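What follows is calculated from the coordinates using simple rules that are stated; it is not laboratory data. Note that the coordinates shown come from a computational prediction; the quantities given were computed from them, not determined experimentally. All Cβ positions, glycine included, derive from the backbone under ideal geometry; neighbour counts span all protein chains shown.
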Amino acid sequence: MQFSLLLLVAAYACSASARLTWSLAKASNPTADQRDAYTKIEAAMTKAVARYEKYSDANKTIRVAYAPGVPTAEANYNGDLRFGSDRAYMTERTAMHEISHTLGVGQTAAFNTKCAAGDWKTALPLLRSFDGANAKITCGGGHFWPYGLNYETEWSETNANRHVQIVEAMLTDGM
C-alpha cells in the first residue's frame, strides 16, 4: 500500500512540473550576423527558461526567431517570440519579459480584466510580502510593474526571481 501511494505521488509530481520548451529557428546557411545573434539569443533563452522552471509551474512551447526588423523584442500568447538586431536586448531580462507575454501578460482578456479590477488574489499578497502592505500591481500598455522587467534598469537577481514568482501567481489567479 505504501509503495502504491509513493508511486502515485511520484507520478503526480512528474505531471505537475513546469515545462517551458523553446526552439530557435535558424537559417540553413547563416551569415556572421545571424550566427552572432543566435549565440546571444540561445544564451539569454537558456538562462531565462532555467529561472522560470525554478520558480514556476508554467507550461508553454515557445518558438523563437531572430527578426532584424523588430526594434527590440516581441512576443505573443501563441508562443512566438522574436528578437530584433539590437544586441542590447538579447539578454536574460528581455527573454524573461517576453516569456511573460507568451504566458499571458498583456496578451489575454483575463490579464486586462484582472489589471483593471486589481483582482490578484495570489499575486497581490505575494507582492506585498516583498514590498510592504501598501504595494500594488500597476498595469499599462500590456505590461505590469513592479517586477515586470520592462527595462534593463530593473534587472537584478532578486527582481528576476520575483518577476517569475509574480507571473506564476498571476497564472494561479487565472491570467
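Before moving on, here are some points about what is shown:
- In terms of distances greater than 30 angstrom between alpha carbons, the cross-link table entries Lys26/Lys121; Lys60/Lys114; Lys47/Lys136; Lys26/Lys136 yield Lys26/Lys121; Lys26/Lys136.
- Note that the range 88-141, at 10 °C in a medium of 1.306 mPa s, gets a Stokes-Einstein diffusion coefficient of 127 µm²/s from its Kirkwood radius over C-alpha pairs.
- Calculated FRET efficiency, Val70 to Ala133, Cβ-Cβ distance, R0 = 45 Å: about 0.65 to the nearest 0.05.
- Between Asn78 and His143, the C-beta separation translates, for a Förster distance of 22 Å, into a calculated FRET efficiency of about 0.75.
- Val164, Val64 arranged by Cβ crowding within 10 Å, fewest neighbours leading: Val164, Val64
- Lys60 long-range amide H proximity, modeled H, under 5 Å: Arg19, Leu20, Thr21
- Cleavage-rule hits (chymotrypsin sites (Phe, Trp or Tyr not before Pro)) in the range 29-78: DSSP loop, at most 15 neighbouring Cβ within 10 angstrom: Tyr77
- Looking at the chain alone, DSSP beta bridges between its own residues are antiparallel in about 40 percent of cases.
- Of the chymotrypsin sites (Phe, Trp or Tyr not before Pro) found in the range 103-165, those in coil by DSSP whose Cβ has at most 13 other Cβ atoms within 10 Å are Tyr151.
- The ranking of Arg87, Arg82 by Cβ neighbour count inside 10 Å, starting from the fewest, reads Arg87, Arg82.
- Cβ-based exposure ranking for Ile41, Ile137, in which fewest neighbours within 10 Å come first: Ile137, Ile41
- Whole-Hz Karplus values for the range 150-158 come out as 6, 9, 4, 5, 7, 6, 7, 4, 4 Hz, taken residue by residue from phi with 6.51 cos²θ - 1.76 cosθ + 1.60 and θ = phi - 60°; glycine and proline positions read x.
- Rounded to the nearest 0.05, the FRET efficiency derived from the C-beta distance between Thr158 and Ala32 at R0 = 45 Å is 0.75.
- In order along the range 31-38, the Karplus-derived 3J(HN,Hα) couplings, from 6.51 cos²θ - 1.76 cosθ + 1.60 at θ = phi - 60°, round to 6, 4, 4, 5, 4, 5, 4, 4 Hz, and Gly and Pro are given as x.
- Note on the chain: percent of Cα-Cα distances in each 10 Å bin, starting at 0 and stopping at the bin with the largest distance, equals 10, 36, 31, 16, 6, 1, 0.
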